[in-house]
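A short write-up of the structure that comes next.
The values are calculated or read from the model by the stated rules, or taken from the named source; none is laboratory data. Bear in mind that the values here come from a model prediction, so they are computed numbers and not experimental data. Ligands, DNA and RNA are excluded from the accessible area calculation, which covers all protein heavy atoms including side chains. Shrake-Rupley method; radii C 1.70, N 1.55, O 1.52, S 1.80 Å.
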Amino acid sequence: MGRGRRAQPVKLSPKERHALESLTRRRTAQQREVVRAQIALLAHDGHSTTAIAQALGMSVQTVSVWRGRLARQGVQGLREGARPGRPRRIGEAARLELLALACEPAEKHGRATPTLDELVERAQARGVVERISRSQLHRILQAGDVRPHRVRQWLHSPDPQFREKVNDICALYRQPPKGAVVLSIDEKTGIQAIERKHVDRAPQPGRLRRREFEYVRHGTQALIAALDVHSGRVIGSCTPRRTQDDLVAFMEQVAHAYPRGRVHVVWDNLNTHRAQQVWADFNARHRQRFVFHFTPLHASWVNQIELLFGIYSRRVLRHASHSSIKHLRERTEAFFAQRNQAPRPFKWTFAGFELQTGEPLRFKHDAHVRRTKKGR
């Protein structure tokens, strides 16, 4: 029996293989592009055309066509070729002008995000196109991956000592000095004790929990908390307000909880934290055991207590009903008591300054905070 035609060998460079693997994992990639990338990767691994067709649920002929183009043209062969049909009414130059037009603000001094109707009027008024519909403009913007109606906020740190401060704090997180403890401290203010005015309606199959909009305010409280970075232990205190005296009283609790050894405090640049004379007097009362480390400006994410506050908001405040300040305080104290029964530190990582200096990351997989599960 005669043997079939031998499949054309396919070899990818490491860079091409990495790009195709990234494409297969991209959720927004087109399905046809993902399938072609999978064909290329399987062919590179030495699989036969028949095996690839069976694995991907495709015909052998289709796999053979793309495998042949890949062998002859390389990765460029996976792209769509020119197809017959009516030529585009709006050429490439006009499309680029439309994309640039969409990136302009709606108003010079005012609203930034333009609507499709405004972009259509502006394109026709400037002579970019004679006529264009909203739907066609939307397709052009979508193809160019331009979404002028979307805004993503960000906040950079203008602190000239950003690098030095982050390195100092990260060194404490990684390995504190022998016999010392590292505490992340911060305040969460304006916590409202809100009671729902009407009882919720329980969820049912096909229907979410229903809640009346009206509520009753019972006042607010402030929360001051300290997180032991390496043990996960928490000290929390609820107060009516956040004043300098409240913070000093809380720090006295911290000093009582850690009566010996050096205590490194990581906190932000709040005015009560920067009262030098107050903390000089406090340190004098406690044998100069406390060392204060300030996070960079606009970089509260360096302080691990923010992770704990996020969990606290989800577990205690979100969708809750508190009949009084006392009720809110009791649930807050119960939350901290429960965490202290089996304390666990956060797995917090930081490996790069690319957002602040433009330097590339050495370890991209570490350049994020490993978020804990919401139920934790």
- prompt: Taking H as built 1.01 Å from N, whose amide H comes closer than 5 Å to the amide H of Asp186, not counting residues under 5 places away?
  reply: Ala225
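Report, for the stretch 209-351, the % of DSSP beta bridges that are antiparallel, rounded to 5.
55
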- request: Run the accessible area of the chain with a 1.4 Å probe and give the carbon-and-sulfur part as a rounded percent.
  value: 50
statement: Here the stretch 188-196 yields Karplus 3J(HN,Hα) values (6.51, -1.76, 1.60; θ = phi - 60°; whole Hz; Gly and Pro given as x) of 10, 9, x, 7, 8, 8, 10, 10, 5
message: In Å, what Kirkwood hydrodynamic radius results for the stretch 41-160 from the alpha-carbon pair distances?
response: 18.5
statement: Counting only protein heavy atoms and leaving out ligands, DNA and RNA, the solvent-accessible surface of His149 at a 1.4 Å probe, in Å² to the nearest 10, equals 120
Phi to ³J(HN,Hα) by Karplus 6.51 cos²θ - 1.76 cosθ + 1.60 over the stretch 309-325, Hz, x for Gly, Pro: 4, x, 5, 4, 4, 6, 8, 10, 9, 5, 6, 9, 10, 10, 7, 6, 4
- request: Take the Cα pairs of the stretch 170-247, get the Kirkwood Rh, then feed it into Stokes-Einstein at 37 °C and 0.692 mPa s and tell me D in µm²/s.
  value: 203
- request: List every residue whose amide H lies under 5 Å from the amide H of Phe292, counting only residues 5 or more places away in sequence or on a different chain, with H placed 1.01 Å from N in the peptide plane.
  value: Val265
message: Once ligands and nucleic acids are excluded and a 1.4 Å probe is used, how much of Lys347 is accessible, expressed in Å² to the nearest 10?
response: 140
task: Apply the Debye scattering formula to the chain, with a single equal point scatterer on each alpha-carbon and no solvent, then give log10 I(q)/I(0) at q = 0.07, 0.10, 0.14, 0.15 Å⁻¹.
output: -0.60, -0.98, -1.18, -1.24
- prompt: Where only protein heavy atoms count, and the probe is 1.4 Å, what is the accessible area per residue for the chain in Å²?
  reply: 66
- prompt: Each residue of the stretch 214-226 in turn: what ³J(HN,Hα) in whole Hz from Karplus with 6.51, -1.76, 1.60 and θ = phi - 60°, glycine and Pro shown as x?
  reply: 5, 8, 10, 8, 10, x, 10, 9, 10, 10, 10, 9, 10
- prompt: Sorted by accessible area with a 1.4 angstrom probe, largest first, how do Phe162, Phe213 fall?
  reply: Phe213, Phe162
query: Distance from the Cα centre of the stretch 244-266 to that of the stretch 126-165, in angstrom?
result: 47
- line: If each part is reduced to its alpha-carbon centroid, the stretch 200-242 and the stretch 61-79 end up apart, in Å, by 57
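So how do Tyr258, Tyr215, Tyr312 rank on accessible area, 1.4 Å probe, biggest first, that is with the largest at the start?
The ordering from most to least exposed comes out as Tyr215, Tyr258, Tyr312.
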query: Can you give the angle from 0 to 90° between the axis of helix 134-143 and the longest principal axis of the chain, with both taken from C-alpha atoms, to the nearest 10?
result: 80
- prompt: If you rank His109, His286, His218 by how much accessible surface each has, with a 1.4 Å probe, what is the order from largest down?
  reply: His109, His218, His286
task: Could you work out which residue, out of Arg27, Arg126, Arg331, moves most in a Gaussian network model of the chain, that is, has the largest mean-square fluctuation with Cα springs under 10 Å?
output: Arg27
